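In what follows, a single structure is set out as structure tokens and then discussed.
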Amino acid sequence: MKVVCPGSFDPVTNGHLDVVARAARLFDQVVVAVVHNPSKHGFLPVADRLDLLRECLPADLLDAGRVEVDEVPGGLLVDYCARVGAVAVVKGVRGATDIDYEQPMAQMNRHLSGLETVYLPGDPSWLHVSSSLVREVARLGGEVSALVPAPVLARLDAAFGSP
Ligand code: PNS
């Protein structure tokens with residue numbers, strides 16, 4: 001079975017990588033799909049987010065075609081999932097705030113096409129990690145090296161300077 005892990009991935013964090021790796025243990029194929037969310041002010045260009053994902057996801061899973069990286073070119077996520085043959089969306093949830101955010105989208109996707117959403121509980125190591133907090137802390141000179149993979153750290157250092 002194929003599933004889609006959608007998100008902004010602006011940038012990818014260790015929390016995202018954990019969710020994708022765990023999804024790949026449950027499902028045959030995982031498409032990590034970068035969606036440009038117009039309600040969010042973007043930090044990295046989508047092309048850079050895709051490159052970083054390809055650099056940071058496990059090479060064995062990418063090489064085997066078990067995990068792939070793609071861009072959702074616009075339109076509804078349910079239409080994208082139908083096009084790529086995905087049976088469900090997989091989302092990591094760090095707590096009640098994430099569930100409150102995800103739930104209307106999950107219900108709307110079921111309403112639109114019957115597309116299911118599978119929630120994976122966030123790993124305790126990464127419950128405080130979000131792309132937006134990582135960007136803010138890095139911008140203000142804080143230490144984020146334990147929260148993101150090395151290529152992302154290099155990109156943040158290039159954007160904001162090392163602490
Ligand atoms: O990482 P994010 O930005 O919180 O992810 C939200 C995302 C991209 C999954 C959501 O905005 C989405 O599914 N967008 C695609 C457009 C769409 O289908 N909108 C209606 C969903 S109910």
Exercise for the section: Return, ordered by residue number, the residues of the range 10-32 whose backbone nitrogen is under 18 Å from a label point located 7 Å along Cα→Cβ of Asp60. Expected result: 17-30
Exercise for the section: For every other residue with a beta carbon closer than 9 angstrom to the beta carbon of Val30, add +1 if it is Lys or Arg and -1 if Asp or Glu, then tell me the sum. Expected result: 0
Problem - From phi via Karplus (6.51, -1.76, 1.60), per-residue ³J(HN,Hα) for the range 65-78 in Hz, x at Gly/Pro - result: x, 6, 10, 9, 10, 8, 10, 7, x, x, x, 7, 4, 4
Exercise for the section: For the range 20-71, build the convex hull from the C-alpha positions and give me its volume per residue in Å³. Expected result: 83
Handout entry: Formal net charge of residues neighbouring His41 (Cβ-Cβ distance under 11 Å; K, R +1; D, E -1)
Key = +1
Handout entry: Normalised alpha carbon radius of gyration of the range 9-163 [divisor 2.2 N^0.38 Å]
Key = 1.04
Completion exercise
Applying the gyration tensor rule to the Cα atoms of the range 63-112 (axes a ≥ b ≥ c; rounded if a/c under 1.5, else prolate if a/b exceeds b/c, else oblate), the class is oblate
Handout entry: Distance from the range 17-80 to the range 95-109 (C-alpha centre basis), Å
Key = 19
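Read-outs throughout are calculated quantities, based only on the coordinates presented, and are distinct from any laboratory measurement. Predicted model only: the values in this text are computed from it and were never measured. Note that we place each Cβ from the backbone using ideal geometry, even for glycine, and neighbour counts take in every protein chain shown.
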